[in-house]
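A.B. asks: Attaching a single structure in structure tokens format; questions to follow.
The values are calculated or read from the model by the stated rules, or taken from the named source; none is laboratory data. Computed from a predicted structure; not experimentally measured. Methodologically, a virtual Cβ is constructed for each residue, glycine included, from the backbone with ideal geometry; neighbour enumeration extends over all protein chains shown.
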């Protein structure tokens, strides 16, 4: 068996982190562009996704340029909000579509209603899942930063010790 050079595993993790960062930035830029082109800011609840993505890009830039605990904590908070926004968006789309379908046909069964809502093109129920995916990608990127992870999680009140 051939021995590996010291640091090879760490180098691979860093390459993966860069790829995750690139995919995250691309996803943020594409998603905010799509939301703006679709005028996804007509109602206050719709504006939340635009308002979450807007600071995410500067927070990512801050973290990458400074590589400090404060930037990592900000990134963790923003990405956790993305996950929550994804769930909230799916719920809001589901609720809006349910109301619309019931207005069209109030006599449909629960199963028919769920089927119609899940197949509806407007609003697309699972589209806000993109926020969830971006948030999870961002959390994976932030969590893989071993230099600051323990300290940042301790500041946020999480413990990494096994009990």
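A.B. asks: Just checking: which of the helices (runs of 4 or more DSSP H) contained wholly in the range 1-120 hold 1 or more residues that are closer than 16 Å to residue 145 by Cα?
C.D. replies: On the way: elements: 8-37, 44-66, 69-104, 110-119.
So the answer is 8-37, 44-66, 69-104.
A.B. asks: Then there's this: Which numbered condition in (1) surrounded by 18 or more Cβ atoms within 10 Å (Cβ to Cβ); (2) at pLDDT below 75; (3) not in a helix (DSSP H, G or I) is the only one that residue 159 fails?
C.D. replies: Single failed check for residue 159: (1).
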